[in-house]
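The values are calculated or read from the model by the stated rules, or taken from the named source; none is laboratory data. Everything quoted here is computed from the prediction, not taken from an experiment. Note that we place each Cβ from the backbone using ideal geometry, even for glycine, and neighbour counts take in every protein chain shown.
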Amino acid sequence: MAAPENATAPEKAWYYIFRVLCALIFLFLIGPILVIIPLSFNAEPYFTFTEAMLSFDPAGYSFRWYEDFFTSDEWLRSIRNSFIVAIFSTILATVLGTIAALGLSSRFMPYRSLVMAILISPMIVPLIISAAAMFFFYSKIELAQTFVGVILAHTALGIPFVVITVTATLTGFDHTLTRASASLGADPTRTFFRVILPLVTPGVISGALFAFITSFDEVVVVLFLAGPEQRTIPIQMWSGIREQISPTILAVATLLVLLSITLLTLVELLRRRSERLRGMTPG
Amino acid sequence: MSTISSGPRPADYPNRRPEEAVAEPTVMTTADGTPLKVSLSRKLRRSKIKAMLLVAPLFVFLVVSFVMPIFDMLSRSVDNPEVPTELSRTVAAIEGWDGEGLPPETVFAAAFQDIKEGAQNRSIGRVATRLNYEESGARSLIMKTARNVRNAEMPANAKAFLIDIDEDWGDPAIWHVIQRESDPYTLSYYLAALDMEYNAQGEIVEKPEYMQLYVDLFIRTLWMSLLITFLTLLLGYPVAYLLANLPMRISNLLMIMVLLPFWTSLLVRTTTWIAILQSQGVLNDMMVAVGLISDDGRLQMIHNQTGTIIAMTHILLPFMILPLYSVMKTIPPSYLRAARSMGASQLYAFRRVYFPQTLAGIGAGGILVFILSIGYYITPALVGGQSGRFITNFIAYHMQSSLNWGLAAAIASILLAAVVILYLLYNRLVGVDNMKLG
């Protein structure tokens, strides 16, 4: 999309100004996330670029904050906790969400939009409200300050993402395929595993990844619901920012950015695969 | 479906020859002889049940793990167990009091017994705290009395005895409060959340100016959320337009720049803004280096409203761009070209042809960003300072520090009501079924 050849001078000027504006907005979006990466290699305990860093003096850079991170018991325990909570809640949310999505995408499902609205609600209700509500309720049934409580809470928060992505995949699903499979002699189980599942798998996996990152990144509910035994990475960062701010947080942040780049790439690849399978162009 | 399941009736075929109409099989049947109508409705019912059974496990799970807690919290905002249970005798005795002067001796005697019992099983603190929400000083009054009556025998004149311990018992105010809060349900948490209170006559009035807090905070939360929504629209619209009109290969690449922040941890994005905006941070250093500001003139851009607005605009921007993009993607470029070929200027064509078609996207993105924004807690708490606090920060404060859970629940319920209304609006406008991610 170059500037049209018959454009008038002010139109051409606007065309380039528009491009520059958009570039600045993209910089605003991505810049802050990229800035944190070099800062995390700072040799000094500062949150800004030092003279040595700016002159590309190797002495200005170091791995000390990464070392700090990987040798700290507290951080390592929080990584373990984060993975335990995220993995279990992702499995639960994905299994329950996928089965429900199969029902929701059936045209015989009664009260479909009402049910859907309820299933999506954990995504809409402000986290602080969910956290407060879950704290009251889970304390009553003695699930507060336990891994089970945190996992159940995160499952609830991850469910909308699974439901949305899997129903979206199923909406584009061509139901003649199941009939074709049945007419060729496959029983419903075989049809499910050999026809339906391969087609919806990309949707299921990206739903699962959404659920995973939701749990992995969640602070507020853990803050209210978890005891000292269940401290996760976000909680560790949260208290780090509030209390003793050290560039170790920047090292953690950089690692988390790498994680999100990996997950994003996975989701993109899956989305394209899913669209290719359904005979649509990627985009 | 309905036309098939109701089945063809003989009357639907008036042109048949008489002998055929008399012939038996007027009801269509399936191979095994059941009427088609019955068979179809059975099949339909079975599909319905099958769909519901598939949804049921998740639905039950979510009701137990999420919906019930929410309703539990809502009930907590009106729940008022302390006075009726801890001061049960007093509540029964004070029921008939007309509110004039001081209550009769029986009420004082009941109060003596209640407080004594509460002091002995150490449960009096709850009701003392509860009454203190209504009448400041009530906590120390009750606790002081509890210490004094703990081992005392029932005096002949309870009235004189209590007033002797603390003269506040001689003030009708505390008795009015006890009488008012003797119901198992109360509105006083909601009143407190709306900066109102009962006056001495029991009427609902506004709190004195210097005690008002929450209404201003609600308004500030709404105002800042509106501003943030507007800023995301301002920044998101051009980007969405560009992405929707570039060739697919390039726009897919640029889309990563929108999606990466979306996938990056909220805390990482907040941390990064602290690193950039703080007074010894990257932005201030850069401005000092190029001589834009002096070293002592470093700008305070964080721990105030500015910081909250910048960070939240950044965090919520993808939620505006994505819905806008998906709407703009469906607008054929030929419309704009047609308008231009008929003599419309670029601006006019945009204003009259393109912009109206994007209104749905603006509505969807705007409501989404606004909903997310008014409920935000983490970012305002970390970068908001005093002036950038949201109403959510006070929910957290009453949950964790002041432990006034009733008030926390009442504020949360009001906020929840606002969110639900917006959610219904969003549902009407976009439909939750059409929500897309990534």
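Of the helices (runs of 4 or more DSSP H) lying entirely inside the range A:201-283, those containing at least 2 residues that are within 22 Å of residue B:267 (Cα to Cα) and within 11 Å of the chain's Cα centre (by Cα) span A:248-277. Every condition in (1) more than 13 Å from chain B (Cβ to nearest Cβ); (2) surrounded by 18 or more Cβ atoms within 10 Å (Cβ to Cβ); (3) under 30 Å from residue B:269 (Cα atoms) holds for residue A:191 except the one numbered (3).
The set of residues in the range A:25-52 being outside any helix (DSSP H, G or I) and either among the hydroxyl-bearing types (Ser, Thr, Tyr) or within 15 Å of residue B:275 (Cα to Cα) (or both) consists of A:40, A:41, A:42, A:44, A:45, A:46, A:47, A:48, A:49, A:50.
Taking into account only those residues within the range A:15-30 that are over 15 Å from residue B:240 (Cα atoms) and surrounded by 15 or more Cβ atoms within 10 Å (Cβ to Cβ), which is nearest to the other protein chains (Cβ to nearest Cβ)? Among residues in the range A:15-30 that are over 15 Å from residue B:240 (Cα atoms) and surrounded by 15 or more Cβ atoms within 10 Å (Cβ to Cβ), the one nearest to the other protein chains (Cβ to nearest Cβ) is A:30.
Considered as a group, the residues in the range A:247-273 that are surrounded by 15 or more Cβ atoms within 10 Å (Cβ to Cβ) and hydroxyl-bearing (Ser, Thr, Tyr) include one that is farthest from the other protein chains (Cβ to nearest Cβ), and that residue is A:248. Residue B:161 passes every criterion in (1) closer than 21 Å to residue B:182 by Cβ; (2) buried (at least 18 other Cβ atoms within 10 Å of the Cβ) apart from (1). Residues in the range B:276-298 that are touching a residue at least 12 places away in the same chain (Cβ under 8 Å), more than 9 Å from chain A (Cβ to nearest Cβ) and not in a helix (DSSP H, G or I): B:279, B:298.
When B:47, B:65, B:39 are checked against the criterion of being more than 14 Å from chain A (Cβ to nearest Cβ), under 30 Å from residue A:170 (Cα atoms) and either outside any loop (DSSP other than H, G, I, E, B) or at pLDDT 90 or above (or both), B:39 stands alone in meeting it. Any idea which residue in the range A:94-112 is farthest from residue B:68 (Cα to Cα), counting only those that are more than 7 Å from chain B (Cβ to nearest Cβ) and touching a helix residue (DSSP H, G or I) at 6+ places or on another chain (Cβ under 7 Å)? That would be A:105. In summary, helices (runs of 4 or more DSSP H) completely within the range B:163-275 and bearing 2 or more residues that are under 30 Å from residue A:34 (Cα atoms), in contact with a Phe, Trp or Tyr (Cβ under 6 Å, 6 or more places away or on another chain) and within 11 Å of chain A (Cβ to nearest Cβ) occur at B:214-245. Of the numbered criteria (1) more than 29 Å from residue B:375 (Cβ to Cβ); (2) in the same structural domain as residue B:320 (by TED's automatic domain parsing); (3) not small (Gly, Ala, Ser), the one residue B:270 fails is (1).
One residue alone among B:344, B:364, B:338 is surrounded by 16 or more Cβ atoms within 10 Å (Cβ to Cβ), free of Cβ contacts under 8 Å to residues at least 60 places away in the same chain, in the same structural domain as residue B:240 (by TED's automatic domain parsing) and over 25 Å from residue B:413 (Cβ atoms), and that residue is B:344. On the stretch given as the range B:107-128, residues that are without any contact (Cβ under 8 Å) to a residue 24 or more places away in the chain, over 17 Å from residue B:92 (Cα atoms) and either not in a helix (DSSP H, G or I) or not hydrophobic (A, V, I, L, M, F, W, C) (or both) total 3. In the condition set (1) hydrophobic (A, V, I, L, M, F, W, C); (2) buried (at least 20 other Cβ atoms within 10 Å of the Cβ); (3) closer than 23 Å to residue A:231 by Cβ, residue A:101 is compliant with all but (3). Of B:414, B:395, all but one fail to be within 14 Å of another protein chain (Cβ to nearest Cβ), under 17 Å from the mean Cα position of the chain (by Cα) and surrounded by fewer than 23 Cβ atoms within 10 Å (Cβ to Cβ); the exception is B:414. Would you confirm, using the coordinates I've provided, whether residue B:55 is assigned by TED's automatic domain parsing to the domain that holds residue B:166 and either touching a residue at least 60 places away in the same chain (Cβ under 8 Å) or in contact with a helix residue (DSSP H, G or I) (Cβ under 6 Å, 6 or more places away or on another chain) (or both)? No: the conditions fail for residue B:55. Can you spot a residue in the range B:297-316 that is within 17 Å of residue B:363 (Cα to Cα) and of a type outside the set (Val, Ile, Thr)? The answer is yes, given that some residue of the range B:297-316 is within 17 Å of residue B:363 (Cα to Cα) and of a type outside the set (Val, Ile, Thr). Evaluating residue B:369 against the criteria (1) surrounded by 23 or more Cβ atoms within 10 Å (Cβ to Cβ); (2) more than 11 Å from chain A (Cβ to nearest Cβ); (3) not in a helix (DSSP H, G or I) leaves one unmet condition, (3).
Residues that are surrounded by fewer than 24 Cβ atoms within 10 Å (Cβ to Cβ) and assigned to a helix (DSSP H, G or I) were ranked within the range A:139-150; the one that is farthest from the other protein chains (Cβ to nearest Cβ) is A:147. When residue A:213 is tested against (1) out of contact with any Phe, Trp or Tyr (no Cβ under 8 Å at 6 or more places or on another chain); (2) in contact (Cβ under 8 Å) with a residue 40 or more places away in the chain, only condition (1) is not met. Kindly evaluate residue A:43 against the criterion of being within 30 Å of residue A:145 (Cα to Cα) and either within 14 Å of chain B (Cβ to nearest Cβ) or touching a Phe, Trp or Tyr at 6+ places or on another chain (Cβ under 8 Å) (or both). It is false that residue A:43 is within 30 Å of residue A:145 (Cα to Cα) and either within 14 Å of chain B (Cβ to nearest Cβ) or touching a Phe, Trp or Tyr at 6+ places or on another chain (Cβ under 8 Å) (or both). Here is a check on your reading of the model: is residue A:111 aromatic (Phe, Trp, Tyr) and touching a residue at least 40 places away in the same chain (Cβ under 8 Å)? No; evaluated as a whole, the condition is false for this residue. Can you find, within the range A:234-246, the residue that is farthest from the other protein chains (Cβ to nearest Cβ) among those that are without any contact (Cβ under 8 Å) to a residue 60 or more places away in the chain and surrounded by fewer than 21 Cβ atoms within 10 Å (Cβ to Cβ)? The selected residue is A:244. If you scan the range A:67-76, which residues turn out to be in a helix (DSSP H, G or I) and either free of Cβ contacts under 8 Å to residues at least 40 places away in the same chain or exposed (fewer than 15 other Cβ atoms within 10 Å of the Cβ) (or both)? Residues satisfying the conditions are A:67, A:70, A:71, A:73, A:74, A:76.
Can you tell which of A:55, A:121 is out of contact with any helix residue (DSSP H, G or I) (no Cβ under 7 Å at 6 or more places or on another chain) and within 11 Å of chain B (Cβ to nearest Cβ)? Unique residue meeting the criteria: A:121.
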